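A.B. asks: I am attaching a structure below and will ask some questions about it afterwards.
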Amino acid sequence: MVLKNILLEIGTEEIPSRFLPDTLEFLEKTARDDLASARIAFKSLSVFATPRRIALLVRDADERQSDLVNTFKGPAWNAAFDVNGNPTRAAHGFAKSRGVSIEQLTPTEVDGVRYACAEVSEPGGRSIDMLPELLPALIRKLVFPKNMYWDDPTVRFARPIRWILAMADREVIPFEYGGIRSGNSTVGHRFMGARNIVIGDAADFMDKLYDNYVILDQDKRRQKMLAGIASLEKDLDGSVELDPEVINENLYLVEYPVPFFGSFSRKYLEMPEEVLTTSMKKNQKYFSVRGKNGKLLPYFVGVSNNLASNMAVVREGNERVLRARLEDAAFFWGEDLRNPLAANVERLKNIVYQEKLGSLHDKIMTTRELALWLCGEMAMNDLVPVVDRAAFLAKADLVTNMVYEFPELQGLMGREYALRNGEPEKVARALYDQYLPKAAGSELPGEVPGAILGLAERTHVIVSCHKVGLEPSGSQDPYGLRRAARCINEIIWGLRLDVDVSRLAEQSMKLLSASPGTGEKVLAFLSQRLLMQVKEKGFGHELTSLAISVTGHRPLQVLRFLDVFSKLQGVEWFSNLVTSAVRVRNIISKSGGEAGTVDPALFARDAETALHGEIRRVLPLVDGAMEKQDWNGLAGYLAELSPFVTAFFDDVLVMDPDEKIKNNRIALLSMCSALFLKVGDVGVLKGA
C-alpha cells in the first residue's frame, strides 16, 4: 500500500533571503536521513521555500514501515549442536529466548568463530504513526545563521512561526512546535492571496497556493522571473545583466515575481560603472542594463512581489529610492576627488591593522619593502618605479567615502581615483590587480606589478599573523590565511611567475623580525597549502611531495616537474628506476657505517664498470638540469641511467664474500644514491 503524500509547511514572518538556499539543502538531506531511519520508503522528496514559508513534500511514501530484521548471536555452533548435528540444551534455550525454531538457527562466523545466530523480523508499523514525532524533530534540527528563541529553550527558528501545516494525504498530522498546533490550513500571498486556505488533500497544496499568487517551487519562480526579464529587454533595447547573486536574492524575496524596469539620470553615468552597478545590486537588488556596445544604460530592472494594477506607481517609487542612492554616491565621488589619493596615506596611521601588528600604514610600508625586494628577486627591476608607487598608494582608497559606503569597491576605487589624479595607468591598474583573485578560480591580475603587490601583501599577512599567534586552527581562519596562500599559488601559476615562495617568506620574516620558530611554522603552512592545492589538480600525494622537495617552494616549477614526471609513471624504464632506487636505499641502510671511496680497480663485472662510468657522465648533466629547472632534460638523463642500474642488479651480487669487493660495490651504490637524492627520494613512488 502507498501513502500518497506527506506534506509539511512552516509559515513564518519574512526570512532573510540569504538564509534559505543552505536551509533547503540541509532540510532535504536531514529529511531523507530521518525517513530512512524511520524505515519509511518513498518515491521522491522535494523541498521549497519563499520568504514566508519552508515546505517539504514527500511523494508516494509507503503506508507501512519496512520490516526490521535483527540478527542475534547465540552460543558457539559446536556448543549449540553436538558432533551428530543434534541441538543441545544451549541451542533450545537460545531459540526459545528469540522466539524462533531450531531450524531457523544459522551458523555465522564472527572473528574466526562460528556462532548459532537467529534472525528475528519485527514488522513495521503504520508510517503515519511515526510522523507526529518525526516532523517536529525535523523542524527542531533546522539551522540558520541567526536564530530567534522561544520561552522553551529547545525551540528556535529564523523568524517567528505563524502557522504549521502537516498532512498525510487528507489526514492532519497532529503535533505542536513553538506554541503552534499543526493543522490543514495555509496562507496565500500577503497582498493578493487569501488569509486562510484550507487544504483538503496534500496533493492539492501547490495548486491552491498558486491560485493565491504563491509560486512555491523556486525553480518555477525563477523561470517566471527570467521570462519576465527577457520580455522587458525588448522595450529597453539592451541586455539585462543576469547577476547570479541578484537572481538568487530576488528568488527568495518574492512569492510571485513581477519584473519591471525603471530609469535614472544619465548624469550618474559619469561615475565609474561599478559604483552604479554595486549600488543597484547591494542596496536595491536591481539588475543593470547594458547597450549593444557593452556600456551601461540609464535603466534598471527590479522584481516586485506585487502584481499591481498600476506598475507605473511601482516604477516611480523605485526610481525615487534609487535616485537618492545614486545622489549619495555622486556626493561621495565628488568629495573624494577633492583630495589626491596620496594625501590619504598619512591617514592610514590612524587605522589599526591588528592590535598586535600596528597600523595599516605600518603594514603598507613593510609590504612596500617586500614588493621592491621581490622585483629584484625576479630580475624585474624595470618595474620598481611602478611597484613602488602602487605599494605606497595601495590602501589609500580605504579612507575614501565611497569605499566606506561600499567596501567591496576597494582597489577598484583606488584605480579610478588614481587615474583621475594623473597617476600612471600601470600604477592605477596595480591598485586594482592587488586584490585579485578575489575567490578561487576568479579573475587574476592582468599585469605583473599588481601581481607582485598581491604576492607581497598576502605573504606579509601570513607571516605577520603567524608571528603573533593568529594562525588558522581547525575550521577557524579569521584572517583568511588559507585563502591568501591559495591566491599566492594561483597568481604564480596564472601569470607564470617563477617565484621561490620560501625566500619571499624568509624576506618577510626579516622585515618583521620574526623568530626562527615562526619561520618554521610559516614554511610548513605554505608547503601544506601548496601540497593540497596541487593534489586538487589530480596529482598523487607521493609524486606531489617529491616535486615540492625537488623544486623547493617554487609553485610554478612544482607544476612543470609534475607535468613531466606524472607522464613517466607506468613507463617501464621509470618503474625499473624507482624499484632500483628502493633497492639502493635498502642496501645502504642495512650496510651501516659510512661508504668508502669507489676503487675501479676492484670492479669484477662489466656492469660495475659501466654503471660507474654512466654515473660520472650523468652526474654533471643532472646538476645542470636541476640548476636550470630543466625537468625534461632531467628525465632524459635518468632514462639514460636506468638500464645501467637495472643491469647492475641483474648481473652483480652486492654482498660478495670478498669484503673489499662488497664494500666497493656499496660505495658505488652510495654514489648512485647520491645522484638519485638530487632528484629527491624517488623510491617513495614505489606502488604510488
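The values are calculated or read from the model by the stated rules, or taken from the named source; none is laboratory data. Because the structure is predicted, anything quoted here is derived from the model rather than measured. For neighbour counting, all protein chains shown are included, and Cβ atoms are generated from backbone atoms with ideal geometry for every residue, glycine included.
A.B. asks: If I filter region 35-54 for residues that are within 30 Å of P160 (Cβ to Cβ) and in a helix (DSSP H, G or I), do I get at least one hit?
C.D. replies: Within region 35-54 (the criterion being within 30 Å of P160 (Cβ to Cβ) and in a helix (DSSP H, G or I)), the answer is yes, since at least one residue qualifies.
A.B. asks: Just the residues that are surrounded by fewer than 17 Cβ atoms within 10 Å (Cβ to Cβ) and closer than 23 Å to A604 by Cβ, please, taken from region 657-688.
C.D. replies: Across region 657-688, the qualifying residues are P657, D658, E659, K660, K662, A674.
A.B. asks: Continuing with the same structure: Do the conditions hold for A61, that is, is it buried (at least 20 other Cβ atoms within 10 Å of the Cβ) and closer than 30 Å to Q218 by Cα?
C.D. replies: Yes.
A.B. asks: Restricting to region 390-410, what's the tally of residues that are crowded, with 22+ Cβ neighbours inside 10 Å and over 13 Å from A329 (Cβ atoms)?
C.D. replies: 7
A.B. asks: Select from region 558-602 the residues that are hydroxyl-bearing (S, T, Y) and in contact (Cβ under 8 Å) with a residue 24 or more places away in the chain and write down the one among them that is farthest from V654 (Cα to Cα).
C.D. replies: S566
A.B. asks: For region 452-504, enumerate the residues that are among the acidic types (D, E) and outside any helix (DSSP H, G or I).
C.D. replies: The answer is E471, D477, D498, D500.
A.B. asks: Does Q434 satisfy the criteria of being closer than 26 Å to A485 by Cβ, surrounded by fewer than 19 Cβ atoms within 10 Å (Cβ to Cβ), touching a residue at least 24 places away in the same chain (Cβ under 8 Å) and out of contact with any strand residue (DSSP E or B) (no Cβ under 9 Å at 6 or more places or on another chain)?
C.D. replies: no
A.B. asks: Which numbered condition in (1) in a helix (DSSP H, G or I); (2) in contact with a helix residue (DSSP H, G or I) (Cβ under 8 Å, 6 or more places away or on another chain); (3) touching a residue at least 40 places away in the same chain (Cβ under 8 Å); (4) of a type outside the set (G, A, S) is the only one that F205 fails?
C.D. replies: Single failed check for F205: (2).
A.B. asks: Within region 657-665, is even one residue within 30 Å of H553 (Cβ to Cβ) and either in a helix (DSSP H, G or I) or out of contact with any Leu (no Cβ under 7 Å at 6 or more places or on another chain) (or both)?
C.D. replies: Looking through region 657-665, none of the residues is within 30 Å of H553 (Cβ to Cβ) and either in a helix (DSSP H, G or I) or out of contact with any Leu (no Cβ under 7 Å at 6 or more places or on another chain) (or both).
A.B. asks: Within region 612-635, track down each residue that is over 12 Å from L675 (Cα atoms) and either touching a Phe, Trp or Tyr at 6+ places or on another chain (Cβ under 9 Å) or exposed (fewer than 15 other Cβ atoms within 10 Å of the Cβ) (or both).
C.D. replies: G613, G624, A625, E627, K628, Q629, W631, N632, A635
A.B. asks: Failed condition for A342, given (1) touching a residue at least 60 places away in the same chain (Cβ under 8 Å); (2) surrounded by fewer than 16 Cβ atoms within 10 Å (Cβ to Cβ); (3) within 21 Å of L276 (Cβ to Cβ), with all others met?
C.D. replies: Against the list (1) touching a residue at least 60 places away in the same chain (Cβ under 8 Å); (2) surrounded by fewer than 16 Cβ atoms within 10 Å (Cβ to Cβ); (3) within 21 Å of L276 (Cβ to Cβ), A342 comes up short only on (3).
A.B. asks: Give all pairs with beta carbons closer than 7 Å in which a residue from region 167-187 that is under 15 Å from R140 (Cα atoms) meets a residue that is part of a loop (DSSP other than H, G, I, E, B) and modelled with pLDDT of 95 or more; count only pairs at least 6 apart in sequence or on separate chains.
C.D. replies: So the pair list comes out as S182/I173; S182/P174; S182/F175.
A.B. asks: Follow-up. Which residues, counting only those in region 355-389, are surrounded by 15 or more Cβ atoms within 10 Å (Cβ to Cβ) and either assigned by TED's automatic domain parsing to the domain that holds F264 or in a loop (DSSP other than H, G, I, E, B) (or both)?
C.D. replies: L357, M378, M380
A.B. asks: Could you list, in sequence order, the residues of region 603-645 that are without any contact (Cβ under 8 Å) to a residue 12 or more places away in the chain and in a helix (DSSP H, G or I)?
C.D. replies: T609, G613, R616, R617, P620, G624, E627, K628, G636
A.B. asks: May I pose another question? Check whether at least one residue in region 186-195 is in a helix (DSSP H, G or I), within 42 Å of the chain's Cα centre (by Cα) and surrounded by 12 or more Cβ atoms within 10 Å (Cβ to Cβ), and report yes or no.
C.D. replies: No; the residues of region 186-195 include none that is in a helix (DSSP H, G or I), within 42 Å of the chain's Cα centre (by Cα) and surrounded by 12 or more Cβ atoms within 10 Å (Cβ to Cβ).
A.B. asks: Please state which of the following conditions I587 fails to meet, knowing it meets all the rest: (1) aliphatic (A, V, I, L, M); (2) under 30 Å from L470 (Cα atoms); (3) not in a loop (DSSP other than H, G, I, E, B).
C.D. replies: Among (1) aliphatic (A, V, I, L, M); (2) under 30 Å from L470 (Cα atoms); (3) not in a loop (DSSP other than H, G, I, E, B), I587 violates only (2).
A.B. asks: Report every pair of residues separated by at least 6 positions or lying on different chains whose Cβ atoms are under 6 Å apart, first residue within region 125-148 and modelled with pLDDT under 90, second surrounded by 14 or more Cβ atoms within 10 Å (Cβ to Cβ) and part of a loop (DSSP other than H, G, I, E, B).
C.D. replies: Close Cβ pairs satisfying both conditions: G125/Q65.
A.B. asks: Out of everything in region 442-452 that is without any contact (Cβ under 8 Å) to a residue 24 or more places away in the chain and within 23 Å of the chain's Cα centre (by Cα), what residue ends up being nearest to A371 (Cα to Cα)?
C.D. replies: Taking the candidates together, the pick is E443.
A.B. asks: Separate question: Which one of these does P555 not meet: (1) surrounded by 21 or more Cβ atoms within 10 Å (Cβ to Cβ); (2) touching a residue at least 24 places away in the same chain (Cβ under 8 Å); (3) within 14 Å of G680 (Cβ to Cβ); (4) not assigned by TED's automatic domain parsing to the domain that holds G633?
C.D. replies: Tallying (1) surrounded by 21 or more Cβ atoms within 10 Å (Cβ to Cβ); (2) touching a residue at least 24 places away in the same chain (Cβ under 8 Å); (3) within 14 Å of G680 (Cβ to Cβ); (4) not assigned by TED's automatic domain parsing to the domain that holds G633, P555 fails exactly one: (3).
A.B. asks: Checking K43 against (1) under 19 Å from E255 (Cα atoms); (2) without any contact (Cβ under 8 Å) to a residue 40 or more places away in the chain, which test does it fail?
C.D. replies: (1)
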